[in-house]
Amino acid sequence: MPVATSAPRTLYDKVFDDHLVYSGEGDTLIYIDRHLVHEVTSPQAFEGLRNAKRPVRRPDCTLATVDHNIPTSSRKSFKNIDTFIAEPDSRAQVGALEHNVKEFGLTYFGMGDRRQGIVHIIGPEQGFTLPGTTVVCGDSHTSTHGAFGALAFGIGTSEVEHVLATQTLPQKKSKNMRINVEGELPQGCNSKDIVLHIIGLIGTAGGNGAVIEFSGSTIRALSMEARMSICNMSIEGGARAGMIAPDEITFKYLEGRPLAPRKDNGEWDRAVEYWKTLSSDPGAHYDVEVEIRAEDIAPTITWGTSPQDTVAITGVVPNPADAKDPIRKAGMERALEYMGLQAGEVMEKVKIDKAFLGSCTNGRIEDLRSAAQVIASRGKDAKVAEGIYAMVVPGSGLVKQQAEAEGIDVIFKKAGFDWREAGCSMCLGMNPDQLSPQERCASTSNRNFEGRQGAGGRTHLMSPAMVAAAALTGYLTDVRKVLGDDVAEHPDIKITQASEYFDVAKAAPNPIAQDTLNGDNNSALPEEVEPASAGLPKFTVLKGIAIPLSIPNVDTDMIIPKQFLKTLERTGLGKAAFFERRFNAKTGEENPDFVFNREPFRNGKILVNTGANFGCGSSREHAPWALNDFGIRCVLAPSFADIFYNNCFKNGMLPLVLPQDQLETLHADALTGQELEIDLENKVINRPNGQGSIPFNVDDFRRHCLINGLDDIGLTLQHRAEIEKFESRRSATWPWLDGLGYAKQGGKVPTGPVSPPKKQKMDW
Ligand SMILES: CC(C)[C@H](C(=O)O)[C@@H](O)C(=O)O
Ligand code: SF4
């Protein structure tokens with residue numbers, strides 16, 4: 001259903017336009033084709049549905065799995081989660097999802113299913129992720145799926161509930177940004193080096209408010225898996241999403257995947273014809289353009305506690321004294337102290353304790369192959385360096401199975417790597433895989449925030465090949481030195497194509513897809529038009545103590561660390577807000593220097609931060625929940641990360657963007673301990689003692705919703721007719737997106753121990 005317009009459009013414009021359900025005064029609704037669900041960000045969303053007696057609108061477009069909380073120890077004796085998951089909160093969260101998928105009739109890849117894995121690995125692997133679709137998940141790295149030319153972005157838990165209930169989301173159009181990478185990559189570099197290099201250049205706020213399209217000859221030459229690693233980390237560059245135009249490499253990757261359009265009914269050809277239209281038109285407008293030469297990229301790692309703290313492996317730790325901005329200088333000093341590094345230290349002389357190969361960035365088969373190749377290049381006796389613990393965590397059960405079929409596991413095991421089961425694992429350590437304080441890790445994951453892999457743990461981000469090199473030498477290492485000139489594929493590794501391995505070309509038509517092709521799950525929806533429900537506390541005038549802060553890039557791991565994400569509630573998280581800064585890790589006592597612990601700020605209702613990019617990183621809605629529970633209803637900052645910004649509004653909170661000079665003024669006011677007044681009706685901030693007012697801007701529609709306490713789901717369901725109309729058009733234009741087989745499989749997925757790997761076609 002192309003939109004009639006002659007202006008050249010970007011890939012993002014096209015996918016956005018193709019999903020418009022409704023566009024009214026201030027609220028634009030887009031349709032969501034694919035919804036991935038995991039255990040951390042969904043319990044409160046299902047609870048919301050249950051309370052409102054709402055069904056899941058499109059179970060056939062929804063796929064659930066468990067990934068964050070699950071242990072990665074051997075599942076040979078796995079019977080059920082109750083006996084397998086020792087940690088009670090993790091068990092409860094996984095248990096809640098198992099209960100919810102049954103109650104709402106969703107397809108679920110549980111721990112007994114070989115298809116279980118990290119959400120962002122299993123979507124593409126199954127062909128659930130398709131070009132030109134909109135893909136969401138309560139997880140910031142949903143950006144991964146943009147590698148297929150999908151518009152894919154992370155959402156908070158309230159939005160998860162919104163999508164479950166309505167299959168739509170209110171969306172503002174983002175800016176268009178293009179990052180063009182041209183030329184041939186130098187030896188020893190791969191897509192992780194490209195994306196770390198990019199984030200080092202643009203910074204973690206560089207993509208704020210934008211969807212990044214990655215283009216150029218370097219990107220076009222990459223495999224799908226390498227493209228996924230790049231789009232995965234667009235969120236680390238602050239972007240709403242990352243996208244790459246689909247091409248023959250994309251089509252080849254998808255062909256024959258279990259949930260890709262089928263050939264026998266002609267849908268594959270129709271789909272490819274449509275997918276071929278999904279590239280930016282010549283002359284399309286980009287608000288921001290960045291040009292990068294591949295030859296400038298070196299094997300890259302991080303030295304600090306933000307993904308933008310990058311340096312070439314051949315480099316040295318930077319000196320905070322060289323930073324012009326005082327906030328940046330203070331941030332660098334803190335990062336160096338946390339990381340236990342000195343300015344000027346040679347990166348290659350830094351010793352590690354652990355090596356982690358896995359995560360949604362680099363837990364795919366090609367990542368494992370690339371690390372195994374480094375090990376194999378050192379000969380059959382290559383071993384992990386003395387005293388180093390190295391682990392490999394495949395991104396899904398199928399990646400593990402394929403690696404075992406290729407013999408890669410043997411290379412790892414012989415070298416002394418621990419070969420684990422699929423999950424998020426030490427990327428974030430919600431399960432038992434964690435760093436101890438001060439332990440240093442060479443990691444293929446995507447975030448190096450303080451405490452990310454374990455309280456006090458020190459993370460250096462890098463490519464799988466570089467992690468393998470570090471594991472072998474015990475130091476951060478330039479992989480080129482380990483490989484020498486021998487970077488060709490190693491004879492010990494027999495590489496099979498995914499399609500060959502899955503044997504999908506020969507597989508019978510997918511029985512799941514046939515089973516539910518006409519799956520219409522809308523019958524349970526109430527007939528009458530819903531009134532706009534006023535479910536949130538109204539925000540009109542807020543008067544209160546303002547808490548002064550000056551921290552740039554406040555990430556949501558800092559606002560609330562992982563151990564508090566295991567809750568099934570939205571409330572009670574006030575104590576967790578800024579936990580690691582507020583409390584002494586050893587004694588548990590309050591840190592008297594931190595502003596949240598000082599009078600009168602303990603009772604603050606407003607947060608004034610002069611540092612930019614507040615709320616970056618993860619999509620956890622637990623961040624605004626924690627601030628809200630602490631008592632904070634309004635956050636003022638120079639800029640916000642998109643997901644956090646949206647999450648605030650969903651909870652009746654007001655995030656306000658103000659210019660730096662006004663923030664400095666309000667910060668100074670806050671330091672005096674006097675009250676500020678946020679008058680949303682009149683769009684002004686009244687300073688203490690009649691010192692005047694500062695006007696602000698906020699989107700009219702959002703303001704209207706806050707003032708009236710309007711709940712988005714109720715508002716959206718007023719557009720039921722438009723949603724239904726869109727769905728009929730979607731069925732006619734893109735029939736392969738309907739009834740893709742999940743609706744009726746909810747209760748039937750295999751449970752029990754994971755089957756031993758077999759070189760045979762899969763069971764779908
Ligand atoms: C748990 C989830 C909300 C979070 C995210 O959104 O990124 C997690 O996956 C992470 O990597 O921190
Ligand atoms: S970033 Fe880490 S924790 Fe988050 S989804 Fe990816 S693997 Fe899981």
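The values are calculated or read from the model by the stated rules, or taken from the named source; none is laboratory data. Everything numeric in this text was worked out from a predicted model, so none of it was measured. Virtual Cβ from ideal backbone geometry, glycine too; neighbours counted across all protein chains shown.
Those helices (runs of 4 or more DSSP H) of segment 204-292 in which at least 3 residues are within 16 Å of ligand 2 (Cβ to nearest atom) and of a type outside the set (Asp, Glu), considering only elements entirely within it, cover 224-232.
If you scan segment 381-427, which residues turn out to be of a type in the set (Asp, Glu) and either part of a loop (DSSP other than H, G, I, E, B) or more than 30 Å from residue 456 (Cα to Cα) (or both)? If the condition is that a residue be of a type in the set (Asp, Glu) and either part of a loop (DSSP other than H, G, I, E, B) or more than 30 Å from residue 456 (Cα to Cα) (or both), then 381, 386, 404, 406, 409, 421 are the ones that fit.
Only residues that are in a helix (DSSP H, G or I) and either away from ligand 2 (no atom under 16 Å from the Cβ) or at negative phi (or both) were counted across segment 355-380, and they come to 16. Evaluated against (1) more than 29 Å from residue 583 (Cβ to Cβ); (2) surrounded by fewer than 24 Cβ atoms within 10 Å (Cβ to Cβ); (3) within 15 Å of ligand 2 (Cβ to nearest atom), residue 399 falls short on exactly one condition, (2). All of (1) within 22 Å of residue 271 (Cα to Cα); (2) in contact with a His (Cβ under 7 Å, 6 or more places away or on another chain); (3) within 16 Å of ligand 2 (Cβ to nearest atom) hold for residue 67 with one exception: (1).
Residues in segment 306-354 that are assigned to a loop (DSSP other than H, G, I, E, B), surrounded by 17 or more Cβ atoms within 10 Å (Cβ to Cβ) and in contact with a Leu (Cβ under 7 Å, 6 or more places away or on another chain): 307, 313, 317, 350, 352. When you look at residue 422, is it among the hydrophobic types (A, V, I, L, M, F, W, C), more than 16 Å from ligand 2 (Cβ to nearest atom) and more than 21 Å from residue 349 (Cα to Cα), yes or no? It is false that residue 422 is among the hydrophobic types (A, V, I, L, M, F, W, C), more than 16 Å from ligand 2 (Cβ to nearest atom) and more than 21 Å from residue 349 (Cα to Cα). Screening 388, 411 for residues that are touching a residue at least 24 places away in the same chain (Cβ under 8 Å), surrounded by 24 or more Cβ atoms within 10 Å (Cβ to Cβ) and away from ligand 2 (no atom under 14 Å from the Cβ) leaves exactly one candidate, 411. Among the strands (runs of 3 or more DSSP E) confined to segment 1-105, the ones with at least 2 residues that are surrounded by fewer than 19 Cβ atoms within 10 Å (Cβ to Cβ) are located at 20-23. Contact annotation: residue pairs with Cβ atoms under 7 Å, 6 or more positions apart or on different chains, pairing a residue in segment 719-734 that is under 17 Å from residue 166 (Cα atoms) with a partner that is part of a helix (DSSP H, G or I) and of a type outside the set (Asp, Glu), are 723/166; 730/737. Would you please name the residue that is farthest from ligand 1 (Cβ to nearest atom), looking only at residues in segment 409-452 that are within 26 Å of residue 478 (Cβ to Cβ) and among the charged types (D, E, K, R)? Here the answer is 414.
Of all the listed residues (94, 56, 101), the sole one being within 16 Å of ligand 1 (Cβ to nearest atom) and among the hydrophobic types (A, V, I, L, M, F, W, C) is 94. For segment 368-386, the count of residues that are of a type in the set (Gly, Ala, Ser), modelled with pLDDT of 95 or more and within 16 Å of ligand 1 (Cβ to nearest atom) is zero. Selection of segment 609-667 for residues being charged (D, E, K, R) and touching a Lys or Arg at 6+ places or on another chain (Cβ under 6 Å) yields 633, 642. Of all the listed residues (103, 87, 25, 39), the sole one being touching a Leu at 6+ places or on another chain (Cβ under 7 Å) and charged (D, E, K, R) is 39. For segment 132-151, does any single residue satisfy the condition of being closer than 30 Å to residue 22 by Cβ, of a type in the set (S, T, N, Q), away from ligand 2 (no atom under 16 Å from the Cβ) and touching a Leu at 6+ places or on another chain (Cβ under 6 Å)? Yes; the residues of segment 132-151 include at least one that is closer than 30 Å to residue 22 by Cβ, of a type in the set (S, T, N, Q), away from ligand 2 (no atom under 16 Å from the Cβ) and touching a Leu at 6+ places or on another chain (Cβ under 6 Å). In summary, residue 540 fulfils each of the numbered conditions (1) polar (S, T, N, Q); (2) surrounded by fewer than 18 Cβ atoms within 10 Å (Cβ to Cβ); (3) under 29 Å from the mean Cα position of the chain (by Cα) with the single exception of condition (3). Can you spot a residue in segment 341-351 that is closer than 20 Å to residue 118 by Cβ, in contact (Cβ under 8 Å) with a residue 60 or more places away in the chain and away from ligand 2 (no atom under 16 Å from the Cβ)? No, the conditions are met nowhere in segment 341-351.
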